[in-house]
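Chemist: Here it is, the structure in full.
The values are calculated or read from the model by the stated rules, or taken from the named source; none is laboratory data. Keep in mind it's a predicted model, so treat the numbers as computed, not measured. Don't worry about glycine lacking a Cβ; one is built from the backbone with ideal geometry, like all the others, and counts go over all protein chains shown. All accessible areas refer to the heavy atoms of the entire protein, side chains included, with ligands and DNA or RNA removed. Shrake-Rupley method; radii C 1.70, N 1.55, O 1.52, S 1.80 Å.
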Amino acid sequence: MSEPVLQCKNLCRIYEDGDHSVAVLQDIDLALAPGEKIAVVGSSGSGKSTLLNLLGGLDNPTRGRVVMAGQDLAKLGEAQLCELRNRHLGFVYQFHHLLPEFDARENVAMPLLIRGLPRAESASRAQQMLARVGMEHRLTHRPSQLSGGERQRVAIARALVASPDCVLMDEPTGNLDPHSAAQVLDLIDELGDHSASFIVVTHDPAIAAHMHRTLELAGGALRERQ
(Lines give C-alpha, C1' and ligand atoms only; values in the text may rest on other atoms or scores of the structure.)
Protein backbone atom coordinates (compact mmCIF):
# COMPACT_ATOMS: atom_id res chain seq x y z
CA MET A 1 0.00 0.00 0.00
CA SER A 2 1.38 3.46 -0.94
CA GLU A 3 2.63 5.77 1.79
CA PRO A 4 0.31 8.76 2.37
CA VAL A 5 1.35 11.98 0.66
CA LEU A 6 0.19 13.93 3.71
CA GLN A 7 -1.05 12.81 7.09
CA CYS A 8 -1.68 14.07 10.58
CA LYS A 9 -1.96 12.27 13.91
CA ASN A 10 -3.79 13.52 17.02
CA LEU A 11 -3.73 17.05 15.62
CA CYS A 12 -4.92 19.72 18.05
CA ARG A 13 -4.97 23.51 17.88
CA ILE A 14 -5.93 25.45 20.98
CA TYR A 15 -6.10 29.24 21.13
CA GLU A 16 -5.87 31.23 24.34
CA ASP A 17 -8.57 33.89 24.74
CA GLY A 18 -7.90 35.73 27.98
CA ASP A 19 -8.54 33.25 30.79
CA HIS A 20 -10.19 30.79 28.42
CA SER A 21 -8.83 28.18 26.04
CA VAL A 22 -10.63 27.56 22.76
CA ALA A 23 -10.00 24.15 21.20
CA VAL A 24 -10.56 24.68 17.47
CA LEU A 25 -9.25 21.26 16.43
CA GLN A 26 -9.18 18.18 18.66
CA ASP A 27 -7.27 14.92 18.03
CA ILE A 28 -7.70 14.90 14.26
CA ASP A 29 -6.31 11.98 12.26
CA LEU A 30 -6.14 12.20 8.48
CA ALA A 31 -4.25 10.37 5.74
CA LEU A 32 -4.22 11.53 2.12
CA ALA A 33 -3.29 8.84 -0.41
CA PRO A 34 -1.52 9.52 -3.73
CA GLY A 35 -4.12 10.69 -6.25
CA GLU A 36 -6.85 11.02 -3.64
CA LYS A 37 -9.18 14.03 -3.60
CA ILE A 38 -10.82 15.02 -0.31
CA ALA A 39 -13.36 17.77 0.33
CA VAL A 40 -13.56 19.32 3.80
CA VAL A 41 -16.85 21.02 4.62
CA GLY A 42 -18.20 22.72 7.71
CA SER A 43 -19.78 25.92 8.95
CA SER A 44 -17.91 29.22 9.02
CA GLY A 45 -15.59 29.35 12.02
CA SER A 46 -15.38 25.58 12.37
CA GLY A 47 -11.61 25.57 11.83
CA LYS A 48 -11.30 24.53 8.18
CA SER A 49 -8.71 27.17 7.29
CA THR A 50 -6.85 26.46 10.53
CA LEU A 51 -6.65 22.81 9.52
CA LEU A 52 -5.21 23.68 6.10
CA ASN A 53 -2.63 26.00 7.65
CA LEU A 54 -1.48 23.23 9.99
CA LEU A 55 -1.33 20.65 7.21
CA GLY A 56 0.69 23.05 5.05
CA GLY A 57 3.15 23.88 7.81
CA LEU A 58 2.01 27.51 7.96
CA ASP A 59 1.04 27.18 11.63
CA ASN A 60 2.19 24.93 14.47
CA PRO A 61 -0.17 22.52 16.24
CA THR A 62 -0.67 22.66 19.99
CA ARG A 63 -0.35 18.88 19.98
CA GLY A 64 0.03 16.14 17.40
CA ARG A 65 2.12 16.00 14.26
CA VAL A 66 1.92 16.49 10.50
CA VAL A 67 3.93 14.35 8.08
CA MET A 68 4.43 15.48 4.47
CA ALA A 69 6.28 13.34 1.92
CA GLY A 70 7.46 11.14 4.78
CA GLN A 71 8.91 14.00 6.84
CA ASP A 72 7.66 15.22 10.22
CA LEU A 73 7.18 18.98 9.81
CA ALA A 74 7.99 19.64 13.47
CA LYS A 75 11.51 18.27 12.98
CA LEU A 76 12.36 20.60 10.09
CA GLY A 77 14.04 23.99 10.22
CA GLU A 78 12.43 26.90 8.39
CA ALA A 79 14.67 26.53 5.32
CA GLN A 80 13.96 22.77 5.12
CA LEU A 81 10.25 23.40 5.54
CA CYS A 82 10.22 26.00 2.75
CA GLU A 83 12.04 23.62 0.40
CA LEU A 84 9.65 20.77 1.24
CA ARG A 85 6.63 22.95 0.52
CA ASN A 86 8.16 24.20 -2.73
CA ARG A 87 8.79 20.68 -4.02
CA HIS A 88 5.72 18.85 -2.78
CA LEU A 89 2.92 21.29 -1.96
CA GLY A 90 0.66 23.72 -3.79
CA PHE A 91 -1.52 26.05 -1.72
CA VAL A 92 -4.52 28.08 -2.89
CA TYR A 93 -5.47 30.55 -0.17
CA GLN A 94 -8.95 31.90 0.42
CA PHE A 95 -7.50 35.28 -0.60
CA HIS A 96 -5.10 35.20 -3.52
CA HIS A 97 -1.90 36.57 -1.86
CA LEU A 98 -0.37 37.52 -5.20
CA LEU A 99 2.75 39.71 -5.18
CA PRO A 100 1.52 43.17 -6.30
CA GLU A 101 4.77 44.28 -7.95
CA PHE A 102 4.82 41.32 -10.38
CA ASP A 103 2.55 40.54 -13.32
CA ALA A 104 0.46 37.38 -13.66
CA ARG A 105 3.12 35.38 -15.50
CA GLU A 106 5.83 36.39 -13.00
CA ASN A 107 3.61 35.47 -10.05
CA VAL A 108 2.91 32.03 -11.47
CA ALA A 109 6.57 31.46 -12.38
CA MET A 110 7.75 32.30 -8.85
CA PRO A 111 7.66 28.73 -7.39
CA LEU A 112 9.71 27.48 -10.35
CA LEU A 113 12.26 30.28 -10.03
CA ILE A 114 12.59 29.57 -6.30
CA ARG A 115 13.22 25.93 -7.18
CA GLY A 116 16.08 27.05 -9.44
CA LEU A 117 14.62 26.51 -12.90
CA PRO A 118 15.88 28.81 -15.68
CA ARG A 119 13.91 32.02 -16.11
CA ALA A 120 12.86 31.24 -19.70
CA GLU A 121 11.57 27.77 -18.81
CA SER A 122 9.76 29.11 -15.75
CA ALA A 123 8.07 31.82 -17.82
CA SER A 124 7.05 29.33 -20.50
CA ARG A 125 5.51 26.90 -18.01
CA ALA A 126 3.74 29.75 -16.23
CA GLN A 127 2.26 30.95 -19.51
CA GLN A 128 1.02 27.44 -20.33
CA MET A 129 -0.63 27.09 -16.93
CA LEU A 130 -2.28 30.50 -17.19
CA ALA A 131 -3.71 29.46 -20.54
CA ARG A 132 -5.20 26.38 -18.89
CA VAL A 133 -7.12 28.57 -16.44
CA GLY A 134 -8.27 30.93 -19.19
CA MET A 135 -5.86 33.75 -18.37
CA GLU A 136 -3.61 33.77 -21.44
CA HIS A 137 -4.86 37.29 -22.30
CA ARG A 138 -3.71 38.68 -18.92
CA LEU A 139 -0.07 37.55 -18.80
CA THR A 140 1.45 40.99 -18.28
CA HIS A 141 -1.25 42.42 -16.02
CA ARG A 142 -0.45 43.07 -12.37
CA PRO A 143 -2.90 42.00 -9.63
CA SER A 144 -4.28 45.55 -9.28
CA GLN A 145 -5.34 45.38 -12.94
CA LEU A 146 -7.26 42.11 -12.50
CA SER A 147 -10.72 41.37 -11.16
CA GLY A 148 -11.16 39.28 -8.03
CA GLY A 149 -11.98 36.19 -10.06
CA GLU A 150 -9.01 36.73 -12.35
CA ARG A 151 -6.65 37.10 -9.38
CA GLN A 152 -7.97 33.84 -7.96
CA ARG A 153 -7.34 32.04 -11.24
CA VAL A 154 -3.75 33.33 -11.26
CA ALA A 155 -3.34 32.06 -7.69
CA ILE A 156 -4.64 28.64 -8.73
CA ALA A 157 -2.22 28.56 -11.67
CA ARG A 158 0.63 29.42 -9.29
CA ALA A 159 -0.30 26.53 -6.99
CA LEU A 160 -0.47 24.02 -9.84
CA VAL A 161 2.42 25.14 -12.08
CA ALA A 162 5.03 22.92 -10.45
CA SER A 163 2.79 19.79 -10.54
CA PRO A 164 2.96 19.27 -6.76
CA ASP A 165 2.26 15.95 -5.06
CA CYS A 166 -0.34 17.58 -2.83
CA VAL A 167 -2.53 20.65 -3.29
CA LEU A 168 -4.38 22.37 -0.45
CA MET A 169 -7.23 24.64 -1.58
CA ASP A 170 -9.21 27.03 0.63
CA GLU A 171 -12.49 27.91 -1.17
CA PRO A 172 -10.74 27.93 -4.58
CA THR A 173 -13.84 28.76 -6.62
CA GLY A 174 -15.49 31.20 -4.22
CA ASN A 175 -14.84 34.19 -6.52
CA LEU A 176 -15.21 32.39 -9.84
CA ASP A 177 -18.02 32.28 -12.37
CA PRO A 178 -19.42 28.82 -13.26
CA HIS A 179 -17.29 28.48 -16.41
CA SER A 180 -14.05 29.31 -14.57
CA ALA A 181 -15.01 27.00 -11.70
CA ALA A 182 -15.52 24.18 -14.21
CA GLN A 183 -12.02 24.85 -15.60
CA VAL A 184 -10.58 24.47 -12.11
CA LEU A 185 -12.38 21.15 -11.64
CA ASP A 186 -10.98 19.97 -14.98
CA LEU A 187 -7.46 20.85 -13.80
CA ILE A 188 -8.00 18.95 -10.55
CA ASP A 189 -9.11 15.93 -12.56
CA GLU A 190 -6.14 16.19 -14.92
CA LEU A 191 -3.55 16.47 -12.15
CA GLY A 192 -5.30 13.77 -10.16
CA ASP A 193 -4.75 11.44 -13.10
CA HIS A 194 -1.01 12.01 -12.52
CA SER A 195 -1.21 11.04 -8.82
CA ALA A 196 -1.52 14.58 -7.44
CA SER A 197 -3.63 14.66 -4.28
CA PHE A 198 -6.05 17.37 -3.16
CA ILE A 199 -7.62 18.57 0.06
CA VAL A 200 -10.23 21.19 -0.82
CA VAL A 201 -12.09 23.28 1.74
CA THR A 202 -15.35 24.29 0.12
CA HIS A 203 -18.94 25.37 0.60
CA ASP A 204 -19.73 24.35 -2.98
CA PRO A 205 -21.66 21.04 -3.09
CA ALA A 206 -20.63 20.56 -6.74
CA ILE A 207 -16.96 20.53 -5.76
CA ALA A 208 -17.57 18.25 -2.78
CA ALA A 209 -19.45 15.82 -5.03
CA HIS A 210 -16.43 15.84 -7.37
CA MET A 211 -14.06 14.53 -4.67
CA HIS A 212 -13.43 10.90 -3.72
CA ARG A 213 -14.71 11.51 -0.21
CA THR A 214 -16.10 14.35 1.90
CA LEU A 215 -15.12 15.05 5.52
CA GLU A 216 -17.08 17.38 7.80
CA LEU A 217 -15.41 19.49 10.47
CA ALA A 218 -17.67 20.23 13.41
CA GLY A 219 -17.01 20.70 17.11
CA GLY A 220 -13.28 20.38 16.50
CA ALA A 221 -13.67 16.85 15.11
CA LEU A 222 -13.28 15.64 11.53
CA ARG A 223 -15.72 12.94 10.46
CA GLU A 224 -16.58 11.15 7.24
CA ARG A 225 -19.79 12.47 5.73
CA GLN A 226 -22.03 9.64 4.60
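Chemist: Can you tell me the accessible area per residue over the chain, all protein chains present, probe 1.4 angstrom, in square angstrom?
Modeler: Numbers: 11020 Å² over 226 residues.
Using a 1.4 Å probe on heavy atoms only, each residue of the chain averages 49 Å².
Chemist: Taking amide H positions as placed 1.01 Å from N in the peptide plane, with prolines and chain starts having none, which residues 5 or more places from Lys37, or on another chain, fall under 5 Å of its amide H?
Modeler: Sorted by chain and number, the residues that satisfy this are Phe198, His212, Arg213.
Chemist: Right, something else. Within 10 Å, count the other beta carbons around each residue, average over each peptide in 132-143, 40-51, 66-77, and list them highest first.
Modeler: Most protected by this proxy first, the peptides run 40-51, 132-143, 66-77.
Chemist: To check you understand DSSP bridge types, tell me what percent of the beta bridges within the chain (both residues inside) are antiparallel, rounded to 5.
Modeler: Antiparallel: roughly 55 percent of the beta bridges in the chain.
Chemist: Next up: Farthest toward the dipole's positive end in the chain, which of Pro61, Ser163, Ser49, given Cβ charges of +1 (Lys, Arg) and -1 (Asp, Glu) about the Cα centre?
Modeler: About the Cα centre, the residue reaching furthest to the positive side is Ser163.
Chemist: Give me, ordered by chain and number, the residues 5 or more places off Phe91 or on other chains with an amide H under 5 Å from its own placed amide H.
Modeler: For Phe91, whose amide H was placed from the backbone, the distant partners under 5 Å are Leu168.
Chemist: Tilt of helix 78-88 relative to the longest C-alpha principal axis of the chain, in degrees (0 to 90, nearest 10)?
Modeler: The angle comes out at about 70 degrees.
Chemist: Springs between alpha-carbon pairs under 10 angstrom, Gaussian network model over the chain: which of Gln80, Gln127, Gln152 fluctuates most?
Modeler: Largest GNM mean-square fluctuation: Gln80.
Chemist: Please check: in the Gaussian network model of the chain (C-alpha springs, under 10 Å), which one of Ala123, Ala209, Ala157 has the largest mean-square fluctuation.
Modeler: Ala209
Chemist: I would also like to ask the following. Karplus couplings for the range 128-135 from phi (6.51 cos²θ - 1.76 cosθ + 1.60, θ = phi - 60°), rounded to Hz, Gly and Pro as x?
Modeler: Running phi through 6.51 cos²θ - 1.76 cosθ + 1.60 with θ = phi - 60° gives 5, 5, 5, 4, 6, 9, x, 10 Hz.
Chemist: Report the Cα centroid-to-centroid distance between the range 115-138 and the range 1-46 in angstrom, as an integer.
Modeler: Using only Cα atoms to place each centre, the spacing works out to 33 Å.
Chemist: What part of the accessible area of the range 10-104, given as a whole %, is carbon or sulfur when the probe is 1.4 angstrom?
Modeler: 48 percent
Chemist: I need the phi-derived Karplus couplings for the range 196-204: 6.51 cos²θ - 1.76 cosθ + 1.60, θ = phi - 60°, integer Hz, Gly and Pro marked x.
Modeler: With coefficients 6.51, -1.76 and 1.60, one gets 6, 10, 9, 10, 10, 7, 7, 9, 8 Hz.
Chemist: What net charge do the residues around Gly64 carry, taking every other residue with its C-beta under 14 Å from that of Gly64, with Lys and Arg at +1 and Asp and Glu at -1?
Modeler: Net of charged neighbours comes to +1.
Chemist: Collect residues whose amide H, placed 1.01 Å from N in the peptide plane, falls under 5 Å from the amide H of Leu25; neighbours closer than 5 in sequence don't count.
Modeler: Under 5 Å from the amide H of Leu25 lie the amide H atoms of Arg13, each far enough along the sequence or on another chain.
Chemist: A further question on this structure: Put +1 on the Cβ of every Lys and Arg and -1 on every Asp and Glu Cβ in the range 125-226; which of Leu185, Leu215, Ala131 then has its Cα farthest towards the positive end of the dipole?
Modeler: With unit charges placed on the Cβ atoms, the residue in question is Ala131.
Chemist: Let me cross-check Glu101: its accessible surface, 1.4 Å probe, with only protein heavy atoms counted, in Å² to the nearest 10?
Modeler: Surface accessible to solvent at Glu101 totals approximately 100 Å².
Chemist: Rounded to whole Hz and in sequence order, give me ³J(HN,Hα) for the range 35-50 from the Karplus expression 6.51 cos²θ - 1.76 cosθ + 1.60, θ = phi - 60°, writing x for Gly and Pro.
Modeler: So the Karplus estimates, Gly and Pro as x, are x, 7, 10, 10, 9, 10, 10, x, 6, 4, x, 7, x, 5, 5, 4 Hz.
Chemist: Let me have the relative contact order for the chain, percent, based on Cα pairs under 8 Å that are six or more residues apart.
Modeler: 29 percent
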